[in-house]
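Chemist: Below you will find the structure I want to go over with you.
Every read-out reported here was derived from the displayed coordinates using simple, explicitly stated rules and does not represent laboratory data. Just so it is clear, the model here is predicted, and its values are computed rather than measured. Because the Cβ atoms are built from the backbone with ideal geometry, glycine has one as well, and the counts that use them run over all protein chains shown.
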Amino acid sequence: MTESLDRATFDPMAYVAEQARAVERALESLLPPEGDDPATIHRAMRYSALGGGKRLRGVLAVAACRAAGGAEEKALPLAAALEMIHAYSLVHDDLPAMDDDDMRRGKPTTHKVFGEGMAVLAGDALLTHAFWVLGRLPRLAGVSAGTALAVIEELTDAAGTMGLIGGQVADLEAEGRTDVTVDHLRSIHLRKTGALFRACVRCGALLAGAGPETLQSLTDYADAFGLAFQIADDILDVTGDPQALGKRPGRDSERAKATYPALVGLEEARRMARQAAAAAREAVAGLPSPGRDVLAALADFAVGRDR
Ligand code: GRG
């Protein structure tokens with residue numbers, strides 16, 4: 001039982017902040033130590049994954065595990081693995097061959113500090129290490145080998161050509177095109193950002209042994225959450241403050257990327273984000289408290305955030 005659950009008046013955002021710190025600690029302990037040979041790659045991995053980031057993916061996994069009746073601690077190694085996969089995608093996305101970004105999470109991007117070659121390898125190593133952690137879930141989280149395999153299957157789908165990578169390919173191919181529709185944009189983001197969110201929530205629930213109904217509610221939640229998150233992300237690229245964002249806004253329009261504000265206008269994009277967050281809350285309304293309250297608070301945070 002965590003500190004914030006003991007309080008008479010449960011504060012979902014205090015709980016989220018507490019779980020984000022727990023995810024950070026799990027990452028810290030599961031990444032290879034900085035001094036271990038070959039030290040440069042381990043330093044680059046730790047630089048890329050630690051110290052910054054909202055830990056949304058990790059916290060979603062923990063919250064889904066809890067909402068499905070499992071203990072938060074059980075999901076922490078999974079949460080760390082998810083954040084490693086996410087960090088790998090950011091390191092590669094920031095490379096000159098991709099989005100060519102200099103700042104991420106308020107600090108210079110990995111290739112700016114370690115060079116391009118080392119950044120490619122750090123991304124590769126984070127992805128590989130995530131699956132090293134997942135392969136050890138029976139020992140680290142006390143789950144069966146079958147459950148660990150089911151989690152690995154979900155995550156390979158989410159990270160592969162049907163998910164993250166497929167979405168990135170579609171995104172690159174849509175750059176500069178003027179005929180992208182809202183449906184096309186949605187299909188890009190369903191893979192590029194949505195697939196990993198879906199896997200976070202489903203894998204957290206799988207660790208708790210969720211039944212098919214709970215799993216379906218949580219999957220619906222994750223899909224609506226992913227949409228809300230992405231629309232908010234596009235809006236922040238137009239209206240966000242560089243200091244709060246920890247990176248330079250305006251990159252989407254510079255690269256002539258299709259975004260929700262560009263396709264439907266800012267006000268309609270804001271309405272769509274709020275609608276998606278409401279759909280996310282609705283999807284988990286039948287789950288027990290406080291699990292559903294935390295998930296609802298996370299959906300509101302996804303659209304109300306400034307970073
Ligand atoms: C193999 C070259 C190669 C690429 C792999 C890079 C890649 C495939 C996919 C990119 C996917 C990507 C970077 C999507 C962006 C998702 C996104 C909006 C990230 C920001 O997420 P936040 O706001 O970040 O949760 P923090 O910093 O809080 O963790």
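Chemist: Let me know the whole percent of all Cα-Cα pairs from the chain that are separated by more than 23 Å.
Modeler: 55 percent
Chemist: Most exposed first by the Cβ proxy, i.e. fewest other Cβ within 10 Å, how do R21, R104 rank?
Modeler: By the 10 Å Cβ count, ascending, the order reads R21, R104.
Chemist: Next question. What 222 nm value per residue comes from the helices of the chain, counting each DSSP H run with n ≥ 4 as -39,500 (n - 2.57) and dividing by all residues, nearest 500 deg cm²/dmol?
Modeler: Only helices count here, giving -21500 deg cm²/dmol.
Chemist: Taking the number of other C-beta atoms within 10 Å as the exposure measure, put F114, F301, F197, F131 in order starting with the fewest.
Modeler: Going from sparsest to densest Cβ surroundings: F131, F301, F114, F197.
Chemist: Shifting gears a bit: Shape call for region 127-197 from the C-alpha gyration tensor, a ≥ b ≥ c root eigenvalues: rounded (a/c under 1.5), prolate (a/b greater than b/c) or oblate?
Modeler: Cα axes put region 127-197 in the prolate bin.
Chemist: Ranked by Cβ crowding within 10 angstrom, fewest neighbours first, how are T259, T181, T156 ordered?
Modeler: Ordered by Cβ neighbours within 10 Å, fewest first: T181, T156, T259.
Chemist: Same structure again: Answer with one residue from F301, V264, A14: the one whose Cα lies farthest towards the positive end of the charge dipole of the chain, charges on Cβ with Lys, Arg +1 and Asp, Glu -1.
Modeler: It is A14, whose Cα lies furthest towards the positive end.
Chemist: Another question, if that's okay. Excluding same-chain residues fewer than 8 positions from K247, which lysines have a Cα within less than 22 Å of its Cα?
Modeler: Reachable lysines: K54, K107, K112, K192, K257.
Chemist: Same structure, new question: Normalised by the residues of region 12-304, what does the relative contact order come to in percent, with Cα pairs under 8 Å and at least six apart?
Modeler: Relative contact order comes out at 21 percent.
Chemist: Under 18 Å between alpha carbons, and skipping anything fewer than 8 positions from K74 in its own chain: which aspartates and glutamates qualify?
Modeler: E3, E18, E24, E28, E83, E154
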